[in-house]
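The values are calculated or read from the model by the stated rules, or taken from the named source; none is laboratory data. Bear in mind that the values here come from a model prediction, so they are computed numbers and not experimental data. Glycine also receives a Cβ, built like all others from the backbone with ideal geometry; neighbour counts cover every protein chain displayed.
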Amino acid sequence: MGNLFPRWTNWLPLKLAVCLGFVGIGAVVGATYYLTPKYYRVGYEPTQPVPFSHKKHVGEVGLDCRYCHSFVEVSSHSNVPTNQTCYNCHGPDKGQIKKESEKLAMVRDADKTGIPIQWTKVHRTPDFAYFNHSVHVNRGVSCQNCHGQINEMEVVKQAEPHSMGWCLDCHRNPENKLRPLDQITNLTYKPEQLNRDTFYASLKDKGIKEDQVVKTLLGLKQEDSLPADAPKDWGKVVELAAKTYGPMVTQKEVGTQLKDHWRVAPPETCAACHR
Ligand code: HEC
Ligand code: HEC
Ligand code: HEC
Ligand code: HEC
Ligand code: HEC
């Protein structure tokens, strides 16, 4: 009876344990591979070579994004500033703010050697997808929609997934995000803060007519005709807006007006983003 199981089976439990061990390791490796920044990128927060704080420079000093990211409105690519921009304030002769600081040693080295600081890239769109900054920021999409509250970040981290589904979510319903162009880099913007008279006056200044605005307010298409009792002057238009949306300006109100009158139509075809 003692020989019913061959001798090698004595090792079976050990072999099983080893095998399960490998499976376990595989699962851990897989999980870290798929869940770490490349795949699960929200929250990705690499340590930068210089402890540069957006919270300090934007939130406290009050710099506009375009002071440093100066190409964002004109180029597909949003540049990171060169050392020279930092030296406007931290240089030994210009600015002189904290010019001896240890934290700025690398900025001074970069100035001496001419080798730029190697910032670690936080956001990255794969090469097979096409993305262009200027088309977005010139059509009423804010840095905040895609990068979150940068103005509050000590260290930049990825706030939005930047996945294909995420891009398409906005492309299908841009009215949920669009804002006036002078608010693009205002990261504390809220539509409720807009003055309704000023907002409609800005549309008027751009040559948009009362009946165009009324059609949008009534949820009509621009090619539809207006009902006979539709308001005809700007004063009455603003009253209709207040009746439709309540005392405060809302995102839907701003977004639909901008979408209709700027003819914003983000692409959803594969070839637009995969060219
Ligand atoms: C004083 C210069 C300065 C200002 C002003 C500034 N930035 Fe930056 N920004 C930098 C530098 C330097 C980096 C690279 C280091 C880092 O990631 O912190 C950077 C990085 C970034 C990144 C990450 C880039 C990547 O690698 O993916 C984003 C997004 C960004 N900034 C957005 C903004 C926005 C939005 C504003 C305005 C609210 C702004 N920045 C204002 C200097 C600035
Ligand atoms: C418009 C002026 C201005 C520009 C441009 C500017 N900074 Fe600053 N920076 C400041 C001010 C103001 C402080 C706060 C100093 C303080 O706390 O007394 C500061 C603080 C810092 C500190 C913290 C220093 C310390 O010892 O606490 C670092 C690091 C820094 N900046 C890096 C940068 C880098 C990198 C750039 C370029 C990408 C840059 N700054 C561009 C004005 C500027
Ligand atoms: C519609 C979404 C969207 C908007 C709006 C947007 N960004 Fe970006 N941003 C991205 C994406 C996507 C990337 C990654 C691009 C890549 O890998 O080429 C990126 C990358 C960046 C980078 C890194 C560039 C680099 O190559 O190192 C900076 C800096 C930046 N954005 C700043 C800004 C600023 C400042 C604004 C507002 C004025 C802004 N972005 C508005 C989506 C957006
Ligand atoms: C918050 C809203 C929003 C997000 C997020 C967004 N887009 Fe857009 N996109 C727009 C708007 C608005 C336009 C302008 C449409 C127009 O001009 O009619 C646009 C236009 C485009 C265009 C056409 C213009 C051109 O350059 O040919 C491409 C391509 C594009 N987006 C790609 C992307 C990609 C890729 C992402 C994700 C990484 C993305 N978008 C995320 C709102 C958004
Ligand atoms: C608005 C821009 C946009 C449009 C339109 C778009 N894509 Fe994408 N697509 C992207 C971006 C950005 C990525 C990269 C996503 C990432 O990094 O996670 C991507 C990734 C992919 C991938 C790689 C797998 C994945 O999910 O990461 C495939 C396959 C793909 N797209 C196919 C398509 C097809 C097919 C269409 C048309 C039905 C299409 N895409 C339309 C922006 C777009």
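Tabulated results
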item: Given (1) within 12 Å of ligand 1 (Cβ to nearest atom); (2) touching a Ser or Thr at 6+ places or on another chain (Cβ under 8 Å), number of the condition SER134 does not satisfy; result: (1)
item: Any hit, the stretch 66-77, residues being modelled with pLDDT under 95, within 16 Å of ligand 5 (Cβ to nearest atom) and either out of contact with any Ser or Thr (no Cβ under 6 Å at 6 or more places or on another chain) or outside the structural domain of HIS162 (by TED's automatic domain parsing) (or both); result: yes
item: Top-ranked residue of the stretch 64-112 - restricted to ones that are surrounded by 16 or more Cβ atoms within 10 Å (Cβ to Cβ) and of a type in the set (A, V, I, L, M), ranked as nearest to GLY148 (Cα to Cα); result: VAL72
item: Residue list for the stretch 170-187, restricted to those being within 15 Å of ligand 5 (Cβ to nearest atom), surrounded by 14 or more Cβ atoms within 10 Å (Cβ to Cβ) and not hydrophobic (A, V, I, L, M, F, W, C); result: HIS171, PRO174, LYS177
item: Filter pass, HIS133 being in contact (Cβ under 8 Å) with a residue 24 or more places away in the chain and farther than 30 Å from ASP260 by Cα; result: no
item: Condition met for GLU239 (within 30 Å of ASN151 (Cβ to Cβ), over 18 Å from the mean Cα position of the chain (by Cα) and not in a loop (DSSP other than H, G, I, E, B)); result: no
item: Tabulated pairs, the stretch 176-191, first of a type in the set (Phe, Trp, Tyr), second not in a loop (DSSP other than H, G, I, E, B), C-beta under 7 angstrom, 6+ apart or interchain; result: TYR189/GLN183
